[in-house]
Amino acid sequence: METHWTDLLRTAISIRENRLSSVTLLRRLGNHSRKNRLFRAFRELGRAVRTITLLRYSSDPDLREQITQVTNRNESFHNFAGWLMSAGKLIGHNDPDYQEEIIKFNELLADCVIYSTAQDITDAANAIAADGHPVDLDDLATISPYITHVCDLDRMMT
């Protein structure tokens, strides 16, 4: 890795300055790459970064908690987007452009619904506060905008 450090930097700079696309680089490195010196250097760099990350993860409880929170948030979003998926089996087609379009549309739809739900939650909390009732911020923090069903309050009260 030390021997090819300048090649690694040159490649990274080329990608950053849009002279080389990451897709092109991956395609070049994917074809019979085991003998390619740049492939081996990137592989070793990846191993070093992965090792450092794993050591940090195992020794830092705050980092583990942060990663778990972000992972859970991402999983919640993807579960919600999956629940909203209106295309159903259409994504099964073998056209990658069509699949990408469906996924982007679904994520946009999920973002819009989440935004609207967050606005509704904010309006409800503001109305409660306007009526003179205290709004506990810890309670608000537990409310998720990924609502997939509506509770029947009458049934819950009986």
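The values are calculated or read from the model by the stated rules, or taken from the named source; none is laboratory data. As the structure is a prediction and not an experimental result, all values here were calculated from the model. The protein model used for the area step is the full one, side chains on, heavy atoms only, and it has no ligands, DNA or RNA in it. Shrake-Rupley method; radii C 1.70, N 1.55, O 1.52, S 1.80 Å.
From the helices alone, meaning DSSP H stretches of at least four residues, give me the mean residue ellipticity at 222 nm for the chain, per-run term -39500 (n - 2.57), in deg cm²/dmol to the nearest 500.
-24000 deg cm²/dmol
Each listed q (0.16, 0.20, 0.26 Å⁻¹) maps to a log10 I(q)/I(0) for segment 1-72, found by the Debye formula over equal Cα scatterers with no solvent: -0.73, -0.88, -1.08. Note on Kirkwood radius over Cα pairs in Å: of the candidates (1) 16.1; (2) 16.9; (3) 21.0, the value calculated from this structure sits at (3). Within the chain, the selection of entire DSSP H helices by a Cα span of 15 Å or greater along the long axis and an average Kyte-Doolittle value of at least -1.0 returns 5-16, 37-59, 61-84, 96-130. Heavy-atom surface analysis with a 1.4 Å probe gives the chain a carbon and sulfur content of 56 percent of its accessible area.
When nucleic acids and ligands are ignored and a 1.4 Å probe is applied, L25 ends up with an accessible area of around 20 Å².
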